[in-house]
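First comes the structure, then the notes that go with it.
The values are calculated or read from the model by the stated rules, or taken from the named source; none is laboratory data. Predicted model, so just to flag it, every value in this text is computed and none were measured. Heads up, the Cβs are rebuilt from the backbone with ideal geometry, glycines too, and the neighbour counts pull from every protein chain shown. Heavy atoms of the whole protein, side chains included, go into the accessibility calculation; ligands, DNA and RNA do not. Shrake-Rupley method; radii C 1.70, N 1.55, O 1.52, S 1.80 Å.
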Amino acid sequence: MSTVQNTETAAQLRCIACAATPDSAGQDFRCAACGDLLEFFFPGWASESPDPAALKSLWLGRRASRDALDQSGVWRFRELLPHIPNLEEHAITLREGNTPLYRLPRCARTAGVENLLAKHQGMNPTASFKDTGMTFAASSAHQGGFSWVACASTGNTSASMAAYAARGNMHSLVLIPEGKIAWGKLSQSLDYGALTCQLRTDFDGCVRILNDLVRQKPVYLLNSVNPYRIEGQKTAAIELMEQLAWEPPDHIVVPGGNLGNSSAIGKALVEMLALKLISRLPKLSIIQAHGANPFYRSVREFGGKKLEPMTADTLASAIRIGNPASWKKALHVLRATGGEVEEVSEIEIAVAKAEIGADGIGCEPASAVTLAGLKKLRRSGFVKPGESVVLVLTGHVLKDPDFTIKFHSGDLFAGTPHAGMPNVAETAQSKYLQRAPLVLDADLEAVIAALDAAERNS
Ligand code: F0G
């Protein structure tokens, strides 16, 4: 017999390494037996799987609902998420998810594919994909009775956590690397009222301090090692499939930092296939910046057998991460879907970001690794011209205006270790994309001259 209702209670925690199934997780969300990460699985689905057609029509019907949870692009899919007791009392939602799927015609031409779409997770309430996981995990913190939540962050997690904590009347503690996060993100956590600590270290150093802190203080950890975060972030893939009328694309391309998002999207794809919501798996490919490429190296150099932490450096500050927590989960979904890993240079990221902007969409630098990576995957033949591709854009263009202004003014790499070593072809392309502001006298003739010159050059 197939039903819709019986699915939501069936979630259980399991260690990804030793397969222990603890009843509950400790403060650090790691397996008490072996120290590896925990994930949710749904044992009930094996014996009594929900009816895919019934689920699809239930979820579609909720789009017309006035209920806050039904309006959320995360909670709308709650049948595929673990059950949170007394949900009505504890759910914290900002109507996250519901993000647009855009066609990218210009980017498709430069990448050499016919059918290119962008799922823009930067169109979430705090302008990054983090909100989909945060609504779920923050609600679980509320249900657990915590008054403090905390995270280490390159900026987006902290902005999102601070907002959801504030909405749920909880205090939030943010640990961020000093001077290494974009202003837009820092300003968000200040406004949402977080206790914001800029530590004189990098993201990986912030994670180490936070892990020690949660073992001593009753604060709820909201980094993506928290399996509730992963569950919430699964919904981006479910929503994407719904937008594509449940017809999967050939490829999905995501940026890789701490590797929670790729793990979540991959988990959702595998679960949707098992539940017959989709009939085949898209290949999920993960792109890293060359200067922050420990996962790329793990797969390419060590066959995924180990991950060597590194000191990360990239202007795409969101993914400046040298020791990604979820690398084993990401490796699993990479293998399960038959995806590829790629790395891209700083200039490739900058050019790709301007190209996504020129399609009238825009995104933050870390999101642009997807387009830069796609071009390389096309060149290597992994992606064929006729195949359909969805890029997951993770953050909004306004998150990091400094990067954008420096790119268009031509001084993005000034004073950085990346100055002086760009790839020549990409540099010519970046010049073509640059649109530095013109400073003119307040004079009609000057403006008309600028207009005519632009017309001649277009
Ligand atoms: N894109 C953006 C805009 C991000 O903020 C992040 C991660 C990623 C991609 C990578 O996602 O870590 O799941 O592989 N930002 C985290 C933060 C680490 O603290 O905001 P991931």
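A straight Cα-to-Cα reach below 22 Å connects K56 with the lysines K119, K234, K267, K276, residues fewer than 8 places away in its own chain not being considered.
What shape does region 1-96 have by the C-alpha gyration tensor, where a ≥ b ≥ c are the square roots of the eigenvalues, rounded means a/c under 1.5, and otherwise prolate means a/b greater than b/c and oblate the rest?
Judged from the Cα gyration tensor, region 1-96 comes out oblate (a/c at least 1.5, b/c at or above a/b).
Would you compute the Debye intensity of region 61-144 from its alpha-carbon atoms alone, equal scatterers and no solvent, and pass along log10 I(q)/I(0) at q = 0.12, 0.13, 0.20, 0.22 Å⁻¹ to two decimals? Values returned for q = 0.12, 0.13, 0.20, 0.22 Å⁻¹ are -0.44, -0.50, -0.89, -1.01. Peptides 368-374, 82-88 ordered by packing proxy, namely the average of other Cβ atoms within 10 Å per residue, highest first: 368-374, 82-88.
Surface analysis of the chain yields an accessible area of 41 Å² per residue, using protein heavy atoms and a 1.4 Å probe. Computed over the alpha-carbon atoms, region 303-342 gives an Rg to Rh ratio of 1.00, Rh here being the Kirkwood radius from the mean inverse distance. Under 4 °C and 1.567 mPa s, how fast does region 14-69 diffuse according to Stokes-Einstein, given a Kirkwood radius computed over C-alpha pairs? Answer in µm²/s, whole number. In µm²/s, the coefficient is 91. Start at zero, step by 20 Å, and the Cα-Cα distances of the chain spread as 25, 58, 15, 1 percent across the bins. The alpha carbons of region 114-209 occupy a box of 48, 33, 24 Å along the principal axes, longest dimension given first. Report note on the peptides 319-327, 407-415, 262-270, 440-448: ranked by the mean count of other C-beta atoms within 10 Å, highest first, their order is 262-270, 319-327, 407-415, 440-448. Cα centroid distance between region 348-379 and region 253-267, in Å? Each part reduced to its Cα centre gives a spacing of 17 Å. Translational diffusion of region 263-317 was estimated from the Stokes-Einstein equation, with Rh taken as the Kirkwood radius over Cα pairs; at 25 °C and 0.890 mPa s the coefficient is 185 µm²/s.
The modelled label-to-label distance between R200 and L451, using points 7 Å beyond Cα along the C-beta direction, is 5.5 nm.
In this structure, N169 and L433 have a Cβ-Cβ separation that, at R0 = 56 Å, corresponds to a calculated FRET efficiency of about 0.80.
If you average 1/r across every pair of different Cα atoms in region 237-346 and take the reciprocal, what Kirkwood value do you get, in Å? Taking the inverse mean of 1/r over all distinct Cα pairs, region 237-346 comes out at 14.1 Å. The distance between label points at D250 and R66 comes to 4.7 nm (points 7 Å beyond Cα on the Cα→Cβ vector).
The calculated FRET efficiency for S279 paired with N98, based on their beta-carbon distance and R0 = 30 Å, is about 0.75.
For the peptides 246-259, 126-139, 391-404, 96-109, the ranking by packing is 126-139, 246-259, 391-404, 96-109, with the highest mean count of neighbouring Cβ atoms within 10 Å listed first.
A straight chain from L444 to S187 at 0.36 nm per residue would run longer than the Cα-Cα distance by 88.8 nm.
Annotation for A414 and D402: the two label points, set 7 Å from Cα along the Cα-Cβ direction, are 1.4 nm apart. For a straight C-alpha distance cut-off of 19 angstrom, the lysines reachable from K406 (same-chain residues fewer than eight places away being disregarded) are K180, K185, K353, K431.
Each stretch of four or more DSSP H residues adds -39500 (n - 2.57); spread over every residue of the chain, this sum gives -12500 deg cm²/dmol at 222 nm.
Inter-part distance, region 45-86 to region 277-320, computed on C-alpha centroids, equals 31 Å.
Each part gets one Cα centre, and for region 150-183 versus region 212-236 those centres are 13 Å apart.
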